[in-house]
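Data first, discussion second: the structure below is written as structure tokens.
Read-outs: derived from the displayed coordinates by stated rules, not from any lab. A quick note: this is a predicted structure, and the numbers were derived from the prediction, not measured. Here the Cβ is made from the backbone with ideal geometry for all residues, glycine too, and neighbour counts use every protein chain on show.
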Amino acid sequence: MMDGIKKTDVLIVGSGYAGLSAAIEARLAGASVLIVEKMAAPGGNSIISDGGIAAVHTDEQNAQGITDSVELMVADMRKAAQYRSDPQLVQRVCEESRRVFEWTKDFFDMHYRPRIEIFGGHSVPRCHTPTSVKGVDLLLKMVKKCEELGIPLIKKCSVTKINIEDDRVIGVEAEHDGEVVQIMIDKALVIASGGFGADVEFRKKLDGRLDESVGTTNKLSADSSLLQECMRIGAQTVDLDCIQCGPWASIDEKGFGLGPLFGDYVVFPYGILISRKTSRRFVNELADRKIISDKMFDQNEWVLGLADAQGMDTGGWDLSLAIKRNIVRPFASLEQIADEFGLDEAVFSDEVSRYNAMMLKGKDDDFDKMITQDMKPITQPPFYIMRMWPKVHTTLGGLKIDLQARVLNMENRPILKLFAAGEVTGGIHGASRLGSCAITECLVMGRIAGQNAAK
């Protein structure tokens, strides 16, 4: 149990990628650091990610002849954001992307799969996935590094109030083991508490579609309480209405689950999405997440994600557990799929044939899907199906920050001794976040926040 009053140079609220990055950098800069985490275990939503990092100019890209640049990544992110993002923040994230990717390898001994993925909205493959396909691996290595550096991590400790004096943060009130404790701060407070994807009441005020009927990939702890406390003390917010859904999710499981591996890594690049209303495709499967989710919502009912045996093999993931749990279901023929899900068999068969012809031609005349050399016609049984519908995945708006990760007030001036990083902030992704850019952002801005908080 914590004493009634605690004192530290830098207090970090949250123990995901952003918070741990900030803690490590602040400690390496010589500050005393304390991390508080409201849950019983560290990690937040970081612990359930697949660990992918978008980075440019990497050795892995160069070895495969992939031509990429900071400018191209900036252009991709800004386009997906519908140009609502802060161009300077986006530039900083992209400029530092290679550096933080190398940091994970050199400082934490992370290892990545040889194949570099391309997700919707990216112009080239730049998404580096850990060999385990588990974000928890990097997270646990970061926790261990904090332990080695002597950084205490207090779990089940919720910050309830931020104390201000003379327009600067001086400390916080928190609840721990049923007791109210005071934490005094000499240098800075870093908010890295994550997004509010599981806060149904808050999110549906911002987007009426996202009510109780829409699930979330987030842990139930992903609420808006600390964000609203920052707003109470005068923090400015940006893009709160930008709430991203993951269109690769399955309606046949709760939370993040197993389905996204099939949806994101197999269906979108190597398969197609089928409307149950028309028995045809309705979107570019490699569009960004917002475009696909919005098109799904337009259907007003779940849709079908289809891939064949060849697509499964090319995807390269072990989906045996998803198949065992009937989240992904194999079928011997397209006719069986049409019969099972009430599709017009002739229309559905014609649509698959049309798609296959376009794959062979190398051009998607219907939706302009990017076609790469490893994409093949859907012809090899068994055919695999997943029932798909968006789930709230990430909140793209939040606290407004500057290039030093300082939180800004309503007059665009920094609130003294208050920093933020990660999903609790806004301004980087605008209307839509591209796949694998979240961890990149968390590591880049978390490190910046920690370095500046320690000054």
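What to note about this one:
- Selection count, segment 366-423, where residues are over 30 Å from residue 323 (Cα atoms), in a loop (DSSP other than H, G, I, E, B) and among the polar types (S, T, N, Q): 2
- Once segment 73-85 is narrowed to residues that are buried (at least 22 other Cβ atoms within 10 Å of the Cβ) and assigned to a loop (DSSP other than H, G, I, E, B), the residue that is nearest to the chain's Cα centre (by Cα) is 81.
- In summary, helices (runs of 4 or more DSSP H) completely within segment 135-237 and bearing 2 or more residues that are over 30 Å from residue 298 (Cβ atoms) and either touching a Lys or Arg at 6+ places or on another chain (Cβ under 6 Å) or of a type outside the set (Val, Ile, Thr) (or both) occur at 136-148, 225-232.
- For segment 282-303, a tally of residues being crowded, with 22+ Cβ neighbours inside 10 Å and more than 20 Å from the chain's Cα centre (by Cα) returns 2.
- If only residues of segment 304-322 that are part of a helix (DSSP H, G or I) and in contact with a Leu (Cβ under 9 Å, 6 or more places away or on another chain) are counted, the one that is surrounded by the fewest Cβ atoms within 10 Å (Cβ to Cβ) is 321.
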